[in-house]
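Contents: one structure, followed by commentary.
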Amino acid sequence: MGTSKSFSDVKHSMVPNWGTLSSSLTSNCDSSVLSAQKLQNIMGHFVSALGGASTGGRGGSKAGGRSSIRTAKKIGGIFSKFISSGNNIRETLESTGLTDIDNKTVGDVINHLIEYCSGNATSIDDNAAKEATRLLLEELMGQAESIDEVQTLLQETFTTNTLEDVIVKYFGYYINELLSKWFYENLIKNKNEADCNNLFSQIKNFIVERVGDMHKRNPLQNIDWSSDEADRLVKNIQQDVLTVFE
């Protein structure tokens, strides 16, 4: 979570619309069940605070949306390698620098990939991107008890989902984490914990549901993940995700 100082700095200098978002969260932080329209309004204020879907989605906001682009490209590269290798998890992990794979636990693999994708976290944006990586990888691999089971789970994932589906899910987790890290700690100073948890739980569920219904339009097959094209497509996806809430 961010400190009150960093929250204050951002509120007053970096994003002029932050106050509207803060007021919206504060006024809706209670034990009630929020309507879809109220949740959409909160997320609309969030996107506005990033400067709109185009600015925020393409990394043009100081408040967030930059670390997620960098991390999503690393995630895309890993899973693209997995698909192109014929679902060979060992070859995929070796390409990320992981060695002695058969002596690693699934937890070791997940932790290695989190660091590989997200690196050191020195800002709220970095932290949100890293936590979203953890949530995604734990969802995709966390039920496995061995490296071979990781391979099986990922193979099942990509039988029914495209790589874009997975990147969209990542950005959904990311924007929820970014919103939470900017506001939860500040809000809980004035509201009780149960009400804060109720609000942010509803926001998370709303985000996940909405991005799950998104129309996918960015094919990610056979691209070089270090290229300008990959950068453009990943920014397209983040912009598309934010546009859902604009």
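The values are calculated or read from the model by the stated rules, or taken from the named source; none is laboratory data. The model shown is predicted, which means the values in this text are computed figures rather than measured ones. Just so you know, the surface numbers come from the protein's heavy atoms only, side chains and all, with ligands and any DNA or RNA stripped out. Shrake-Rupley method; radii C 1.70, N 1.55, O 1.52, S 1.80 Å.
With runs of 4+ DSSP H residues as the only contributors, calculate the mean residue ellipticity of the chain at 222 nm using -39,500 (n - 2.57) per run, divided by the residue total and rounded to the nearest 500.
-21500 deg cm²/dmol
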Segment 125-142 - phi-based ³J(HN,Hα) in whole Hz, Karplus 6.51/-1.76/1.60, Gly and Pro as x
4, 4, 4, 5, 5, 6, 5, 5, 4, 4, 4, 5, 5, 5, 5, 7, 10, x
Kirkwood Rh (inverse of mean 1/r, distinct Cα pairs), segment 117-246, angstrom:
16.3 Å
Compute the accessible area per residue over the chain, keeping the other protein chains in place, probe 1.4 Å, unit Å².
46 Å²
Using only the alpha-carbon atoms of the chain, report the extent along each of the three principal axes, biggest first, to the nearest angstrom.
50, 35, 32
In this model, which of Lys81/Lys204; Lys169/Lys204; Lys181/Lys235 are farther than 20 Å apart at the alpha-carbon?
Lys81/Lys204; Lys181/Lys235
